[in-house]
Amino acid sequence: MIQLGFWPASGPEFHSMKRLVSHESLAHVGHLRNVLEQSGIACVVRNEQLSGGLGEIPFLECLPELWVLRDEDLARAQVLIRDMENAEARRGPWRCRRCGESNEGQFAACWQCGAADESG
Ligand SMILES: [Zn+2]
């Protein structure tokens with residue numbers, strides 16, 4: 001039985017966390033986290049263990065979520081996310097030439113192996 005509330009939400013380091021996005025795809029949320037961390041923005045993924053196949057839990061409550069740890073990073077993180085969403089709107093999914101992994105359109109580099117998308 002998986003319990004809700006496993007996350008130590010009351011810990012002092014999580015006191016001021018802000019939820020940035022939620023998305024049905026854990027791979028998507030994980031990629032956003034990678035991009036933000038590469039920009040020096042500390043963030044964590046919540047609900048990554050809860051997604052999928054849990055009929056008893058309301059769907060919206062078990063979507064993977066990305067949380068920014070520091071208030072001062074929130075605005076910059078939102079800009080980065082928006083830029084990626086804009087890029088996603090312009091492109092479709094693409095397949096990595098190095099490892100063959102399928103990537104969502106907003107990813108400029110393969111989430112699997114890090115190779116840059118050279119198709120466009
Ligand atoms: Zn790849």
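In the range 49-74, what residues are outside any strand (DSSP E or B), modelled with pLDDT of 80 or more and closer than 23 Å to G105 by Cα?
L63, P64
Taking only pairs six or more apart or across chains, which ones have beta-carbon atoms under 7 Å, a first residue in the range 24-48 that is acidic (D, E), and a second residue that is part of a helix (DSSP H, G or I)?
Pairs found: E48/L26.
Only residues that are within 9 Å of the ligand (Cβ to nearest atom) and among the basic types (K, R): list them for the range 81-120, please.
R95, R97, R98, listed by residue number.
If you take the residues of the range 81-120 that are at pLDDT 85 or above and part of a helix (DSSP H, G or I), which of them is surrounded by the most Cβ atoms within 10 Å (Cβ to Cβ)?
I81
Mind checking which residues of the range 62-98 are under 12 Å from the mean Cα position of the chain (by Cα) and of a type in the set (V, I, T)?
Passing the criteria: V68, I81.
The values are calculated or read from the model by the stated rules, or taken from the named source; none is laboratory data. No experiment lies behind these values; they were computed from the predicted model shown. Positions of Cβ are backbone-derived with ideal geometry, glycine not excepted, and every protein chain shown enters the neighbour counts.
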